[in-house]
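J.: Below you'll find the structure I mean.
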Amino acid sequence: MDIVVCVKRVPLTEEVDLVIDGQKKGIKKDQLAFVLNDWDNYAIEEAVLLTEKHGGTVTAITVGNEDDEEVLRRCLAMGADRAIRIEAGDTSRFDSFGISKMLSRVVKDLPFDLVFTGVLADDDYCGMVGMMVAEQLGITHANMVTAIEIEDGKVRTTSELEGGLGEVSLIELPALLAIQTGINEPRYVSILGIRKAAKKELKVMDLSELGMSDEELSPMAIIDEVYLPPETEGAQILAGDPDKIASDFLEILTKKGVME
Amino acid sequence: MSELFVVAEHRLGEIREITFEMLWKAGELAQEHSHTVTAILLGHEVSPIAESISDRADKIIIFDDERLKNFNADIYKETIAGLIEESKPILTLIGNTSRGMELAPCLAVRAGLPLATDCIDIMFKDDKLIAQRQMYSGKIFSDVSFAPSAGYILTIRSGVFSKDRIGDRQAEIVKKDFPLKDMPLKKDFIEFVETAAGDVDISQAELLISVGRGIGEEENISLVKELAEALNGVVSCSRPIVDKNWLPKHLQVGTSGKSVSPKVYIAVGISGAFQHMAGVSGAGTIIAINKDPKAPIFRTADYGIVDDLFKIVPVLKDRVLETKKG
Ligand SMILES: Cc1cc2nc3c(=O)[nH]c(=O)nc-3n(C[C@H](O)[C@H](O)[C@H](O)COP(=O)(O)OP(=O)(O)OC[C@H]3O[C@@H](n4cnc5c(N)ncnc54)[C@H](O)[C@@H]3O)c2cc1C
């Protein structure tokens, strides 16, 4: 069971005031901390769990710069056998289409039974790359996967639908599965673990090695402008010291008829 | 003049609300730009579903076949790609749902058309298509435009457009022969599985105290439970709390959990992602407790407390208990 997992490094944006960059095409990222995309964390864990049980290898792959190797090292520490980084310069000039083309070009030549991606990435929230890779590889797929079992040459998946309904399918290999959060409990990664994993192979490939040019990767969807959310009336903020806040809080509950 | 395609979504014989919402937006765009609205309906024995949207589209193209009884993205993709090739609609709208998110990217690659997902608005500015989206958990908005193309595919977020009928339409029904009767399938539908019901039904609660990832550690959930107990309310939660197995799935609020309609919903350490907020649209009053004043939840909540939950929640609990005693 050889599994390729496509991963992405994303900024943490909770509790920070995001600043729009000068070009209005994105946000300023130099002050932000970065992590492995939450969905991808579950995807790597799932791949490692499956190979621990059924044998085989896990390859983590990302499109990005040297800084993005940090998430590949984390994947290696979690149990991936090797990692590949596609060096394509400034990735903001690509859309999901372009990214998926690069990934499928590399994955095509790797041995694989399964390809995993996260359902989506926490930054742009597009959720397109996985299924585009599947279509480009010409393999079948399942989305929002919350359970996986290998059954003689096939894979039994549960896909989560709205309202929490699960849809169970039996799928031929090879296949691409977009992994949903909660499918497992991703293992803890220590600094020591990351240091130990430094010996594992991390290969860098650039666009010329893929035989790809900017032209064939030119975006079909372009961000014209990003901006802060339009003002809404917003919540009425309960101000003052905790005592005053508590009084206001109780008054609201009483008024709304939920305080006996 | 062109056609606007809307891919109808239905499940277990019932139309999904996103279909009405897409038809509403398509109807509005059709009025503004003299386009027509064509609903695409794939399934088995779907006449009642066609009936339910017949006054919202100008045309309904139906593929009715035993093989379409269960959703299969590959079959949908091939069938719809054929239709797109034939009619060259300027827009194809698909729900940004579990199934739509599987179908749309495959279809875009297959048909060679640009795609934007999870759109919250669609405009034509000087004939140029603009899709409005959100990034970074809703903290940033973006306008997306596209390389010139004969058509575009957009997936639409649930709950952003009206479910109402727009304009006066009477659909022409076009039944087509299903062209893929012999297409080999690499994926077989087996069954549906429901979430276990559990002992409390949060959809019936009048007062919910809901806990999110801001709680940090499993053992801290007791803080929220104590506040709920003091208030005689029921505890619910956001998805990450269920993902971590800290609380059971039947307590999850949101698109992949339950929709709730309490008189008061108190959100503690929840950022307000749209998948979460979609589940509380029926709540009477929303009170959010969050230490990040920029958290998106303050945009939709009625009242906000900007503070560290570890400081304020115990104070609130103590005050409730005192008041009850006194
Ligand atoms: C297909 C799909 C379906 C989904 N379905 C659902 C669903 O049904 N329900 C759902 O909830 N989510 C769902 N999600 C996930 C959703 O996108 C969000 O990731 C999730 O709602 C975030 O949960 P949260 O607000 O608890 O956590 P976060 O977004 O991490 O927010 C935590 C908040 O706590 C605040 N905080 C941190 N520490 C403190 C403190 N000490 N005091 C006060 N505040 C603090 C932070 O400022 C932050 O705003 C779904 C996602 C996808 C892709």
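J.: Can A:D206 be described as among the acidic types (D, E) and modelled with pLDDT under 95?
T.: no
J.: Could you tell me which numbered condition B:P114 fails, if it satisfies all but one of (1) within 28 Å of B:K181 (Cβ to Cβ); (2) in contact with a Ser or Thr (Cβ under 8 Å, 6 or more places away or on another chain); (3) crowded, with 21+ Cβ neighbours inside 10 Å?
T.: Just one mismatch for B:P114, condition (1).
J.: Considering only segment A:38-58, I want to know if a residue exists there that is acidic (D, E) and at pLDDT below 95.
T.: For segment A:38-58, residues acidic (D, E) and at pLDDT below 95: absent.
J.: Give me a count of the residues in segment B:243-280 that are near the ligand (Cβ under 7 Å from one of its atoms) and on the phi > 0 side of the Ramachandran plot.
T.: 3
J.: Quick one: how many residues across segment B:292-323 are closer than 19 Å to B:L227 by Cα, at the interface with chain A (Cβ under 8 Å from one of its Cβ atoms) and either surrounded by 16 or more Cβ atoms within 10 Å (Cβ to Cβ) or within 9 Å of the ligand (Cβ to nearest atom) (or both)?
T.: Summing the residues that are closer than 19 Å to B:L227 by Cα, at the interface with chain A (Cβ under 8 Å from one of its Cβ atoms) and either surrounded by 16 or more Cβ atoms within 10 Å (Cβ to Cβ) or within 9 Å of the ligand (Cβ to nearest atom) (or both) in segment B:292-323 gives 11.
J.: Only residues that are farther than 29 Å from A:N184 by Cβ, free of Cβ contacts under 8 Å to residues at least 40 places away in the same chain and within 13 Å of chain B (Cβ to nearest Cβ): list them for segment A:22-49, please.
T.: A:Q23, A:K28, A:K29
J.: Exactly one condition in (1) within 11 Å of chain A (Cβ to nearest Cβ); (2) crowded, with 24+ Cβ neighbours inside 10 Å is not met by B:K77; state its number.
T.: Going through (1) within 11 Å of chain A (Cβ to nearest Cβ); (2) crowded, with 24+ Cβ neighbours inside 10 Å one by one, B:K77 breaks only (2).
J.: Here are the criteria: (1) farther than 26 Å from A:T146 by Cβ; (2) away from the ligand (no atom under 14 Å from the Cβ). Tell me which single one B:L227 does not satisfy.
T.: (2)
J.: Tell me which residues, restricted to segment B:18-70, are outside any helix (DSSP H, G or I) and among the hydrophobic types (A, V, I, L, M, F, W, C).
T.: B:V37, B:A39, B:I40, B:L41, B:L42, B:V46, B:A57, B:I60, B:I61, B:I62, B:F63
J.: Select from segment B:109-129 the residues that are facing chain A (nearest Cβ under 7 Å) and in contact (Cβ under 8 Å) with a residue 12 or more places away in the chain and list them in ascending order.
T.: B:R110, B:P114, B:L115, B:A116, B:T117, B:D118, listed by residue number.
J.: Moving on to the next point. Among the numbered conditions (1) more than 16 Å from the ligand (Cβ to nearest atom); (2) farther than 27 Å from A:S104 by Cβ; (3) part of a loop (DSSP other than H, G, I, E, B), tell me where A:R195 comes up short.
T.: Of everything listed in (1) more than 16 Å from the ligand (Cβ to nearest atom); (2) farther than 27 Å from A:S104 by Cβ; (3) part of a loop (DSSP other than H, G, I, E, B), A:R195 misses just condition (3).
One line per residue, one yes/no per condition, for (1) free of Cβ contacts under 8 Å to residues at least 12 places away in the same chain; (2) farther than 25 Å from A:E233 by Cα:
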| residue | (1), (2) |
| --- | --- |
| B:N245 | yes, yes |
| B:P248 | no, yes |
| B:L251 | no, yes |
| B:V260 | no, no |
| B:I270 | no, no |
| B:D302 | no, no |
| B:L309 | no, no |
| B:I312 | no, no |
| B:K317 | no, yes |
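The values are calculated or read from the model by the stated rules, or taken from the named source; none is laboratory data. What you are looking at is a predicted structure, and each value in this text was computed from that prediction instead of being measured. Methodologically, a virtual Cβ is constructed for each residue, glycine included, from the backbone with ideal geometry; neighbour enumeration extends over all protein chains shown.
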